[in-house]
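Single-structure report; data block below.
The values are calculated or read from the model by the stated rules, or taken from the named source; none is laboratory data. Predicted model only: the values in this text are computed from it and were never measured. Neighbour counts are summed over all protein chains in view; Cβ atoms, including those assigned to glycine, are modelled from backbone coordinates with ideal geometry. Just so you know, the surface numbers come from the protein's heavy atoms only, side chains and all, with ligands and any DNA or RNA stripped out. Shrake-Rupley method; radii C 1.70, N 1.55, O 1.52, S 1.80 Å.
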Amino acid sequence: MSTDPLIDFHCHIDLYPDPPAVIAECDQQRICTLAVTTTPKAWPQNRQWTMRSHFVRPALGIHPQLVGERASEISVFEQHLPEARFIGEVGLDASPRYVSSLVLQEEVFIRVLQACAAHGGKVISIHSVRSAGRVLKLLERHLPPGRGKTVLHWFSGSTSEAKRAVALGCFFSINAQMFRTRGTEIVAVIPADRLLTETDGPFTAEGDAPARPIHVQSALTVLATSRQWSLELARRQLRSNLRDLVGEW
Ligand code: MN
């Protein structure tokens with residue numbers, strides 16, 4: 001039996017210079033990769049690029065950092081929603097640069113969650129910078145249990161917020177860079193069966209270059225080390241988690 005595939009559950013494939021080459025690498029190296037997008041206008045192209053891929057799935061997104069200028073694109077998002085199984089990147093960002101649009105971000109995120117709840121069956125990759133508590137509150141209010149599954153990407157909230165998210169059923173996609181700050185203490189409170197890995201490429205680096213999905217190996221290694229798992233066990237656990245979350249990839 002072959003090794004379990006690597007998993008990059010949050011990567012911006014459309015932001016690399018040659019997206020089809022990144023997708024081809026995912027297929028050759030067997031990396032289950034979620035290609036998140038930042039604007040719903042990117043959905044048709046991403047869908048087309050990934051149509052024949054066995055390992056890359058596209059996600060429909062409207063990034064909170066763009067909502068200040070592009071909130072009106074929520075209507076484009078809603079139009080495409082029935083075509084998408086995966087949703088992301090969506091969420092909130094209350095860091096100093098984006099906090100001025102937070103009210104608008106909340107309105108847009110509520111519409112995202114309401115649309116997902118109405119259709120059902122979506123798997124959602126969520127950004128929650130300096131806003132984990134607000135994100136969890138909106139999930140509680142607008143995404144009833146059984147109406148969608150959620151993955152908190154690059155979670156940077158408190159450990160008590162992480163526990164609250166676990167109780168809500170959230171999964172977590174963990175990247176290597178998280179371990180430079182509070183990743184170890186956050187990961188310690190997440191059950192083994194809620195963990196996934198990600199690169200958030202090209203926004204993280206591997207050496208001097210932007211990380212590609214193949215570099216999710218670094219996240220796997222630090223995660224395995226922090227849990228005292230062998231790499232083989234880590235790959236098996238994450239594969240099983242991916243199955244629980246989405247069924248067959
Ligand atoms: Mn991202």
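Per-residue answers, yes or no, for (1) out of contact with any Gly (no Cβ under 6 Å at 6 or more places or on another chain); (2) assigned to a helix (DSSP H, G or I); (3) more than 16 Å from the ligand (Cβ to nearest atom):
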{"residue": "Ser72", "(1), (2), (3)": "yes, yes, yes"}
{"residue": "Ser75", "(1), (2), (3)": "yes, yes, yes"}
{"residue": "Val112", "(1), (2), (3)": "yes, yes, no"}
{"residue": "Cys116", "(1), (2), (3)": "no, yes, yes"}
{"residue": "Gly121", "(1), (2), (3)": "yes, no, yes"}
{"residue": "Pro144", "(1), (2), (3)": "yes, no, yes"}
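Looking at segment 3-20, can you tell me whether even one residue there is in a loop (DSSP other than H, G, I, E, B), in contact (Cβ under 8 Å) with a residue 40 or more places away in the chain and within 13 Å of the chain's Cα centre (by Cα)?
yes
Residue under question is Ile190, and the condition is that it be in a loop (DSSP other than H, G, I, E, B) and either at pLDDT below 95 or β-branched (Val, Ile, Thr) (or both); does it hold?
For Ile190, the condition - in a loop (DSSP other than H, G, I, E, B) and either at pLDDT below 95 or β-branched (Val, Ile, Thr) (or both) - is met.
Condition first: buried (at least 20 other Cβ atoms within 10 Å of the Cβ) and more than 16 Å from the ligand (Cβ to nearest atom). Now tell me which residues in segment 44-67 satisfy that.
Selection gives Thr50, Phe55.
When segment 123-142 is examined, which residues are found to be hydroxyl-bearing (Ser, Thr, Tyr) and part of a strand (DSSP E or B)?
Within segment 123-142, Ser125, Ser128 meet the criteria.
Can you pull out every residue in segment 1-25 that is over 16 Å from Ala219 (Cα atoms) and away from the ligand (no atom under 16 Å from the Cβ)?
Met1, Ser2, Thr3, Pro17, Asp18, Pro20, Ala21, Ile23, Ala24, Glu25
Got a sec? Which of Ala188, Ala162, Ala167 is crowded, with 21+ Cβ neighbours inside 10 Å and not aromatic (Phe, Trp, Tyr)?
Ala162
Name the pairs whose Cβ atoms lie under 9 Å apart, with the first residue in segment 62-88 and more than 22 Å from Leu152 (Cα to Cα) and of a type in the set (Val, Ile, Thr), the second away from the ligand (no atom under 16 Å from the Cβ) and open to solvent by 10 Å² or more (accessible area, probe 1.4 Å), and 6 or more positions between them or separate chains?
Val76/Lys41
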